[in-house]
Amino acid sequence: MIIDLRSDTVTKPSPAMRRAMAEAEVGDDVYGEDPTVKELEEMAAGIMGKEAALFVASGTMGNLVALLTHCEPGQEVYLDEEAHIYYYEVGGMSALGGLIPRLISSEKGLYHPEALEEAWRPENIHFPNPGLLCLENTHNRAGGRVVTPECMHEAVTWAKRKGMPVHLDGARIFNAAFALDMDVADLVKEMDSVMFCLSKGLGAPAGSLLVGSRDWIAEARKWRKMVGGGMRQAGVLAAAGLVALKERARLKEDHRLAETLAKDLAAIEGLKVNLDQVETNIFMVDLELPGTDAYRFVSLLKEAGVLVNAVAPGRLRFVTHKDIGEKEIAQAVKIVENVVEGVSN
Ligand code: TLP
């Protein structure tokens, strides 16, 4: 048995999703004729408390379309140096959007007003024009960290003062809302646009949604077409998304199991886990094993039957998800323990 803790993207569609996909009513969505996509978009907009929504192929496409819709080529996008949009999206904002990242130093995904102000470039003949501020919640590279509503509010207030809209990379926004025990619409109410994923912990095979005002989504729809994201009978995918959204409370179980796993791993000599920062379904483990780096450790774990990702030379990322239960957690801990022992001897 392979225990896959690399990401919550590895989940397989549930039997209920597969049934819904097989039975989905479909039409050509480029003509606006797919009833299942429409239902999903309406449901997503309702849950997020926004006027409209747009179904896109992936989180990366959703973020790209958002940036293209908000900005013009040559503008600057304010975002943190560990932001997924900057770190993991192949530089699409610059390559495809002609946008310039303006990096903010953040404290594990949390923006401090001083850091925002420090990054700010006022009107000057030499500087690009400001275009957008991006936030990320939960924050992936900060280890699934929840950005508090207070911190989001401060950042939005700052951006509004500077005349910039705000986009939220909310790939895992439901994880944040559950961790905060908050209604998700309340959490994102100040955002101009939000992208969230169906294909992470929610377990759908593909798809993300972009939400915002009716006019903004109409513009985004055109950008989606330009980047090749006008899917036709996309209702087969949207059907799985509807099931995923209805079952979203399941994410709390991933948080509970991440906490259990993190505690058990923290007890192993040579592994360091900051338990205060285990807030959702992602957490980081630092290796303190002389002579082994995270990349070698990952390949040893793989041989022993556990998959995880190395995110820095001394750091591993563990992610719990729908297809991981108590049994897999207990088994993974045993395997990690054995591998650590093998390395230490
Ligand atoms: N994140 C993936 C990898 O790309 C690292 C993962 O395994 O966590 N925003 C955030 C915050 C994300 O974590 C991801 C995916 C995306 C956007 C992009 O979503 P997709 O993979 O659907 O393009």
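The values are calculated or read from the model by the stated rules, or taken from the named source; none is laboratory data. Note that this is a predicted model, so its numbers are computed, not measured. A quick note on method: Cβ atoms are made from the backbone with ideal geometry, for glycine too, and the neighbour counts reach across all protein chains shown. Accessible surface areas use protein heavy atoms only, side chains included; no ligands, DNA or RNA. Shrake-Rupley method; radii C 1.70, N 1.55, O 1.52, S 1.80 Å.
Worth a mention:
Each row is one residue, and each column tells you yes or no for (1) away from the ligand (no atom under 14 Å from the Cβ); (2) assigned to a helix (DSSP H, G or I).
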site: Leu301; (1), (2): yes, yes
site: Val311; (1), (2): no, no
site: Leu316; (1), (2): no, no
site: Asp323; (1), (2): yes, no
site: Glu328; (1), (2): yes, yes
site: Gln331; (1), (2): yes, yes
site: Ile335; (1), (2): yes, yes
site: Asn338; (1), (2): yes, yes
site: Glu341; (1), (2): yes, yes
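- Remark: Glu279 matches the filter, which requires a residue to be within 16 Å of the ligand (Cβ to nearest atom) and either buried (at least 19 other Cβ atoms within 10 Å of the Cβ) or touching a residue at least 60 places away in the same chain (Cβ under 8 Å) (or both).
- Neighbours by Cβ (under 6 Å, 6+ apart or cross-chain): first from the range 312-333, in the same structural domain as Glu288 (by TED's automatic domain parsing) and among the hydroxyl-bearing types (Ser, Thr, Tyr); second within 14 Å of the ligand (Cβ to nearest atom) and assigned to a helix (DSSP H, G or I): Thr320/Asp254; Thr320/Ala258
- Residues in the range 94-109 that are in contact (Cβ under 8 Å) with a residue 12 or more places away in the chain, more than 19 Å from Lys162 (Cβ to Cβ) and aliphatic (A, V, I, L, M): Leu96 alone.
- Test: residue in the range 277-294 that is in contact with a helix residue (DSSP H, G or I) (Cβ under 6 Å, 6 or more places away or on another chain) and in a helix (DSSP H, G or I): no
- Strands (runs of 3 or more DSSP E) contained entirely in the range 1-117, each with at least 1 residues that are out of contact with any Pro (no Cβ under 9 Å at 6 or more places or on another chain), within 16 Å of the ligand (Cβ to nearest atom) and among the charged types (D, E, K, R): 76-80
- Qualifying positions in the range 151-161 - open to solvent by 10 Å² or more (accessible area, probe 1.4 Å) and small (Gly, Ala, Ser): none
- Residue that is of a type outside the set (A, V, I, L, M, F, W, C), open to solvent by 50 Å² or more (accessible area, probe 1.4 Å), touching a strand residue (DSSP E or B) at 6+ places or on another chain (Cβ under 9 Å) and modelled with pLDDT under 95, where the choices are Ser105, Ser94: Ser105
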